[in-house]
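What follows is a single structure, written as structure tokens, with notes after it.
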Amino acid sequence: RKTLADDFLCTSRGPITGIHIFGSWLNDIADPNTTFRLAIYGDVPVGPNSEYSHPDGVLWERYFSPAEYKARIYKEGVLEQFYEPNELGIIGRDTMVWQYNFLIDREPFFQEGTSDRPMVYWLGVEAFVPWEPNEAQEVFGWKTSLKHWNDDAVFGDPLDPQGHPDLWRELRYPIGHPFEGQSIDLAFVIVPEPSTWVLATFAMLGGAFLVRRYRRR
């Protein structure tokens, strides 16, 4: 149960009308009933009190039920590792990359960056998967990307009463991975693109976090 977040640069003002993320499922066991929480955060840059940059307060968030997004298999047939950062290790494999498209047709987040005064925002993602006793444990992960910008992506376990992370930890490739120790970035696209930067080229690491499960009623 955790949230992952990665930063992006905004150089033009206007609403975000869509977000695409790329993910995978542990052992390719996908759950079509997943609800996603997407959030936009401010930025805490590197400084005397911050060893690495990380999200600030929540500026916008929305929950998307299965009827409110589109999912498709983007790529398949490539065996990749599935990483769990709390355990600092590989917990399984996957062979399918999923693309999830979220259309934001109401109450979008309005970006405030310009070419003269660019802004840094963070995109956070959390997945909520139904759970029943004795069922297979579906686990969703956000794909890593070879496109690098600024600091590492981060993850946080929801610890405060509202369920938002109050402690962010940076993400780096685990021991034994070809990119061991290097910064992890995550695969996503902001629509319209806030700059020329798009994360959609995948590294050799599958999902990077466990989902938050809830019992079906």
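Of the listed requirements (1) at pLDDT 85 or above; (2) touching a helix residue (DSSP H, G or I) at 6+ places or on another chain (Cβ under 8 Å), THR144 misses just one: (2). Considering only segment 1-30, state which residues are open to solvent by less than 10 Å² (accessible area, probe 1.4 Å), part of a loop (DSSP other than H, G, I, E, B) and within 17 Å of GLN137 (Cα to Cα). Selection gives LYS2 alone. Counting residues in segment 64-72 that are open to solvent by 50 Å² or more (accessible area, probe 1.4 Å), under 29 Å from HIS177 (Cα atoms) and not charged (D, E, K, R) gives one or more.
Of everything listed in (1) over 18 Å from THR144 (Cα atoms); (2) without any contact (Cβ under 8 Å) to a residue 24 or more places away in the chain, the single unmet condition for LEU103 is (2).
Of everything in segment 49-77 that is part of a loop (DSSP other than H, G, I, E, B) and not hydroxyl-bearing (Ser, Thr, Tyr), the residue that is nearest to GLY156 (Cα to Cα) is GLU51. Each residue in segment 151-201 was checked for being among the hydroxyl-bearing types (Ser, Thr, Tyr), in a strand (DSSP E or B) and modelled with pLDDT under 60, and 0 pass.
To keep it simple, each residue is scored yes or no on (1) open to solvent by 40 Å² or more (accessible area, probe 1.4 Å); (2) among the hydrophobic types (A, V, I, L, M, F, W, C); (3) over 18 Å from the mean Cα position of the chain (by Cα); (4) modelled with pLDDT of 90 or more.
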position: GLU61; (1), (2), (3), (4): yes, no, no, yes
position: GLY77; (1), (2), (3), (4): yes, no, yes, no
position: TYR83; (1), (2), (3), (4): no, no, no, no
position: PHE102; (1), (2), (3), (4): no, yes, no, yes
position: PHE140; (1), (2), (3), (4): no, yes, no, yes
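Only a single item in (1) of a type outside the set (Ser, Thr, Tyr); (2) surrounded by 13 or more Cβ atoms within 10 Å (Cβ to Cβ); (3) at pLDDT below 90 is not met by LEU88, and it is number (2).
Looking only at residues in segment 104-138 that are at pLDDT below 90, of a type in the set (D, E, K, R) and out of contact with any helix residue (DSSP H, G or I) (no Cβ under 8 Å at 6 or more places or on another chain), the one that is nearest to ARG37 (Cα to Cα) is GLU132.
Does THR95 satisfy the criteria of being modelled with pLDDT under 90, farther than 23 Å from ARG169 by Cβ and among the polar types (S, T, N, Q)? For THR95, the condition - modelled with pLDDT under 90, farther than 23 Å from ARG169 by Cβ and among the polar types (S, T, N, Q) - is not met. Among the residues of this structure, TYR52 does not count as one that is crowded, with 20+ Cβ neighbours inside 10 Å, touching a strand residue (DSSP E or B) at 6+ places or on another chain (Cβ under 7 Å), among the aromatic types (Phe, Trp, Tyr) and under 21 Å from VAL120 (Cα atoms). Inspection of segment 93-114 identifies at least one residue that is farther than 18 Å from LEU26 by Cβ, out of contact with any strand residue (DSSP E or B) (no Cβ under 6 Å at 6 or more places or on another chain) and of a type in the set (Ser, Thr, Tyr).
The values are calculated or read from the model by the stated rules, or taken from the named source; none is laboratory data. Worth saying up front: this structure is predicted, and the values here are computed from it rather than measured. Quick reminder, even Gly has a Cβ in these numbers, built from the backbone with ideal geometry, and neighbours come from all protein chains shown. What goes into the accessible areas is simple: the full protein's heavy atoms, side chains included, and nothing from ligands, DNA or RNA. Shrake-Rupley method; radii C 1.70, N 1.55, O 1.52, S 1.80 Å.
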